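Notes to accompany the following structure.
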Amino acid sequence: MIDTAGPKATATARRGPVMDRRALTRTIVIVVLLLLALLALPPLMSAYYTSTMIQVAIYSIVTLGLGLLVGRVGLYSLGQLAVLTIGAWVGARLLFATSQPFILVMIEAGLVTMIIGSLITLPALRLRGLYLALITLMLAGGVTVVMQTLNFPNGGGGFSGYNGSQLHIPQIRRPSFAGTDPAFYRFSVIVAIVMFLLVFVHLRTRPGRAWAAIKQSEPSALAAGINTTFYKLWAMALAAFVTGVAGALLAGYQRELLSIQFPIQNSILLLAVVLVGGAFSLAGAVIAGFLQAFLPAALYNLWGVPNDWLIILFGLGVMQVLATAPGGIADQFPKDMKRLYRQISRLWRPAPPPATADGAARRIIIQETAEIHTRSVVIEEYGQARAAAEEQADLGPSRGAEGEREP
Amino acid sequence: MPSWSDFQPYIVTGLALGGIYALSGVGLVVLYRATGVLNLAFGAVGAMGAFIAYSIIQAGNPGWLGWVVCILFSGVVTLGYGLVFGPALAGRGPLVQSVSTLGLALVLFGAIDLVWPTSGGQSPSISFPTDATAFSVSQLAVTWTNLIALALGVVIAAGTGAFLRFSKLGTAMRAMANDREITATLGVPVRRVEAAAWLGCGLLAGLAGLMLAEMSGLDDTALVFTVVISSLAAALIGRLRSISVTFVAALVIGVIHDMLTPITQLQPYADMTPFVLAAIALLIMSSGQVMTRSREEG
């Protein structure tokens with residue numbers, strides 16, 4: 001696993017004020033994007049895309065939970081869709097059985113899901129990571145089986161709340177202030193923001209540091225006095241909680257849940273989109289949400305592309321991400337864009353005189369090795385190489401070269 | 001409560017199913033021991049092979065051609081994956097390597113759904129001539145297919161156990177399970193041994209896919225996931241290590257799964273059997289410190 005935290009941490013230490021300004025810019029960009037999503041998008045979108053964007057918001061929460069497990073703690077869960085199913089079931093059952101406010105039901109569904117999810121994964125958490133992946137895969141299979149028999153509540157009585165012979169199926173209720181699709185979209189986005197903030201706070205405080213230590217090396221985390229089982233369980237519980245909340249939200253969005261909407265392959269697909277989107281960052285969770293919900297809907301709407309092509313694409317994506325780009329799109333896309341920008345900006349500059357050919361070659365080599373070697377060393381090397389190149393060609397520092405310095 | 005005689009026929013089918021799970025479980029364990037990869041695409045590869053065999057037989061070709069193509073296809077695909085991604089991911093730990101095989105599973109699953117879309121009504125199936133001929137053991141009807149399935153499980157489990165213990169290649173595989181680097185320095189051609197393990201696992205996947213398609217029909221979701229989950233459970237109970245425990249666990253899972261059929265309250269939950277048994281096994285394992293820590297997680 002390529003260490004993504006190291007260079008960033010040293011960079012922060014070296015140039016604190018610069019990072020602060022960048023963090024501020026980033027916050028402003030995020031706030032503007034969220035305001036656009038909340039205020040500008042709903043009147044512009046058709047009913048089809050409004051409904052799709054609700055799913056994006058919901059699945060972003062799910063991929064947030066899974067990304068937390070995979071990227072921050074190193075726990076590969078293959079059963080996160082089963083957790084979502086449990087959340088949706090509990091949410092739907094409570095919405096039918098009680099007249100509690102929707103938000104309260106969401107929190108309750110999250111808590112129930114958290115307890116069930118933690119209990120199921122507790123035995124595997126004490127074993128090595130591979131066993132957790134296997135037990136969660138089996139959980140996915142098991143929950144699928146149970147749901148086929150139990151079914152989702154449709155207003156019937158008893159524990160299951162399912163009445164197979166019901167003629168008129170009542171719809172699952174939505175909050176009174178978010179009855180229509182655009183209003184429910186805004187509500188879902190706000191819930192997603194709250195969940196992202198919840199996870200963000202965790203990452204920035206004690207549990208986040210413990211998870212980072214566990215991910216680097218479990219034995220050394222243990223040696224540093226971190227209760228690894230407890231913090232792994234905490235991560236699992238937090239992920240299950242946000243996923244359970246997303247499940248209740250999904251129940252309110254769908255208004256009618258069927259067990260065939262949660263096939264077992266989607267469990268694995270969910271891990272695939274998280275890996276492809278980028279498991280190491282919160283932005284990756286949003287990208288994964290778009291990959292999961294928006295891309296299939298848009299491709300189907302525009303060109304009638306069947307979903308199977310996307311399954312194949314995500315399958316290839318998983319293999320590619322694991323083999324070459326562990327950071328996923330969230331990590332790789334800015335790098336690629338930066339590289340593309342350099343390529344393009346080079347076109348507009350006059351061709352370098354022959355004297356710098358050597359410098360250019362060295363620059364490429366340095367760029368290649370940057371992925372492998374420690375970055376500070378590379379930056380030093382680069383500084384020397386550029387100084388030499390400037391002496392020879394008497395060129396001022398170019399913007400493309402500035403980009404090179406960014407870690 | 002159904003009487004004992006209601007259960008009896010399901011012992012036979014359960015043992016047959018258990019034989020197939022044993023065969024799959026052994027395939028998974030051998031590859032894991034040699035390369036540290038848990039092939040989660042095992043079911044998908046076999047399923048794709050079975051669908052190809054189905055198409056070949058539907059086109060009017062003799063049955064044996066379809067069977068051979070099914071097994072060879074699975075072997076070649078698995079070997080190809082192993083040759084490309086085995087070295088690329090070597091040293092990344094069993095977890096990442098195993099998750100990567102899920103990518104292959106997704107690709108194959110999507111491809112199956114594209115080429116052979118699920119249609120309502122009768123699901124396609126492959127049939128062996130051995131289905132029709134049956135004999136009876138103490139008043140229980142046993143088809144030759146059932147017997148073949150169980151026999152395959154027994155032969156392959158015993159054969160693989162002997163192969164790992166006595167042959168040179170098997171010894172190399174066991175050595176690699178302990179430490180890949182040291183084995184390489186001892187002069188074992190690591191890549192070639194790994195390729196052999198991938199090929200063996202693929203051939204077994206094809207065989208398992210073919211037999212299951214014959215016994216329970218060509219249902220892509222069931223073939224892709226149920227096989228993997230059931231045989232994984234057996235392999236887990238065998239701690240991904242012991243072939244004999246895996247074999248017994250697979251038979252138990254198969255028999256319990258089928259014996260639940262007459263009990264109407266439990267029948268819908270029969271597919272939970274592997275999950276429940278594996279969870280119990282994990283609980284027992286995690287309470288005693290029996291897990292070896294020879295492989296470092298990635």
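Structure data summary
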read-out: Ranking of A:256, B:194, B:181, A:218 by count of other Cβ atoms within 10 Å, fewest first; value: B:181, A:256, A:218, B:194
read-out: Spin-label model distance (nm) - residue A:97 vs residue A:28, 7 Å beyond Cα toward Cβ; value: 5.1
read-out: Most mobile listed residue (B:177, B:157, B:234) in chain B, GNM with C-alpha springs under 10 Å; value: B:177
read-out: Sorted by Cβ neighbour density within 10 Å, fewest at the top, the residues B:21, B:81; value: B:81, B:21
read-out: Ranked A:202, B:257, criterion: other C-beta atoms within 10 Å, fewest first; value: A:202, B:257
read-out: Relative contact order %, chain B, counting alpha carbon pairs below 8 Å whose residues are six or more apart; value: 38
read-out: Per-residue mean of C-beta atoms belonging to partner chains within 10 Å, peptide A:141-153; value: 4
read-out: C-alpha long axis of helix B:42-58 to longest principal axis of chain B, angle in °; value: 50
read-out: Cα centroid separation - the stretch B:60-106 against the stretch A:65-144, whole Å; value: 31
read-out: Residue-by-residue Karplus 3J(HN,Hα) for the stretch B:61-69, coefficients 6.51, -1.76, 1.60, Hz, glycine and proline x; value: 7, x, x, 4, 4, x, 4, 5, 4
read-out: Alpha carbon centroid spacing (whole Å) that separates the stretch B:144-176 from the stretch A:180-241; value: 45
read-out: Simple label model, 7 Å out from Cα along Cβ direction - residue A:258 to residue A:333, nm; value: 3.3
read-out: Relative contact order of the stretch A:41-195, pairs being alpha-carbon contacts under 8 Å that are 6 or more residues apart, as %; value: 33
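Throughout, read-outs are computed from the coordinates displayed, never taken from laboratory work. Only a predicted model underlies this, so the values are computations on that prediction, with no experimental measurement involved. Here the Cβ is made from the backbone with ideal geometry for all residues, glycine too, and neighbour counts use every protein chain on show.
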